[in-house]
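Asker: First, the structure itself, so that you have it in front of you.
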Amino acid sequence: SPFPPPPKTATPVNDEIWLVGGASPGGWNNPLNAPFINNQKFTRRSRTQYDLVVNLNANDGYLILPVMGSWSAKYCIEDGVDRASTTGGGDFVYKGGGGQDFLSPTPGGTFKISLDFQLGKFQVVRQ
């Protein structure tokens with residue numbers, strides 16, 4: 001087929017996603033306050049690829065939200081997955097409820113978080 005298969009994970013409807021959580025500088029605020037509303041917004045690289053360079057606190061949770069100010073949908077880790085095994089990356093899913101927070105690496109520091117919606121994979125790399 002000349003067309004690629006549909007993405008494994010639903011892409012953001014407004015082409016925007018944000019990082020929130022205890023691991024992030026802006027904390028669990030939703031909506032995020034300035035400057036975090038801009039500093040924690042992912043950059044869209046293509047229809048299915050997004051990334052963000054951000055300082056993460058060690059060993060704490062975070063989520064990726066497709067709608068700022070709403071908790072009704074999120075990108076997260078599937079229930080039952082060992083979060084500690086995914087601090088550097090793994091599979092992610094889109095959920096309207098359930099799921100688990102991502103877990104930040106230890107020690108903390110500056111990381112690039114990359115999401116590939118086509119494959120349903122994320123990667124967290126120290127910068």
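The values are calculated or read from the model by the stated rules, or taken from the named source; none is laboratory data. Everything quoted here is computed from the prediction, not taken from an experiment. Reconstructed Cβ throughout: ideal geometry from the backbone, glycine too, with neighbour counts over all protein chains shown. Just so you know, the surface numbers come from the protein's heavy atoms only, side chains and all, with ligands and any DNA or RNA stripped out. Shrake-Rupley method; radii C 1.70, N 1.55, O 1.52, S 1.80 Å.
Asker: Would you mind stating whether I17 is crowded, with 17+ Cβ neighbours inside 10 Å, within 15 Å of D116 (Cα to Cα) and in contact with a helix residue (DSSP H, G or I) (Cβ under 8 Å, 6 or more places away or on another chain)?
Answerer: Details: crowded, with 17+ Cβ neighbours inside 10 Å: yes; within 15 Å of D116 (Cα to Cα): yes; in contact with a helix residue (DSSP H, G or I) (Cβ under 8 Å, 6 or more places away or on another chain): no.
Answer is no for this residue.
Asker: Let me ask something else. Return the residue satisfying two criteria in turn: it lies in region 76-123 and is β-branched (V, I, T) and free of Cβ contacts under 8 Å to residues at least 60 places away in the same chain, and of such residues it is most open to solvent (accessible area, probe 1.4 Å). Steps first, please.
Answerer: Restricting attention to region 76-123, the residues satisfying the condition of being β-branched (V, I, T) are 77, 81, 86-87, 93, 106, 110, 113.
Still in the list and also free of Cβ contacts under 8 Å to residues at least 60 places away in the same chain: 77, 81, 86-87, 106, 110.
On the way: I77: 1, V81: 57, T86: 10, T87: 38, T106: 100, T110: 59 Å².
Filtering first and then ranking leaves T106.
Asker: Please count how many residues of region 103-127 are closer than 17 Å to K8 by Cβ and in a strand (DSSP E or B).
Answerer: Of region 103-127, the ones closer than 17 Å to K8 by Cβ are 114-123.
If we keep only those that are in a strand (DSSP E or B) as well, we get 114-116, 121-123.
Residues flagged as closer than 17 Å to K8 by Cβ and in a strand (DSSP E or B) within region 103-127 amount to 6.
Asker: Shifting gears a bit: Within the set of pairs 6 or more residues apart or between chains, which connect a residue that is over 16 Å from G61 (Cβ atoms) inside region 25-50 to a residue that is surrounded by 15 or more Cβ atoms within 10 Å (Cβ to Cβ) and of a type in the set (K, R) with Cβ atoms less than 8 Å apart?
Answerer: Y50/R44
Asker: Right, next: Would you confirm whether or not region 55-66 contains a residue that is within 25 Å of Q127 (Cα to Cα), in contact with a strand residue (DSSP E or B) (Cβ under 6 Å, 6 or more places away or on another chain) and open to solvent by 70 Å² or more (accessible area, probe 1.4 Å)?
Answerer: Scanning region 55-66 turns up at least one residue that is within 25 Å of Q127 (Cα to Cα), in contact with a strand residue (DSSP E or B) (Cβ under 6 Å, 6 or more places away or on another chain) and open to solvent by 70 Å² or more (accessible area, probe 1.4 Å).
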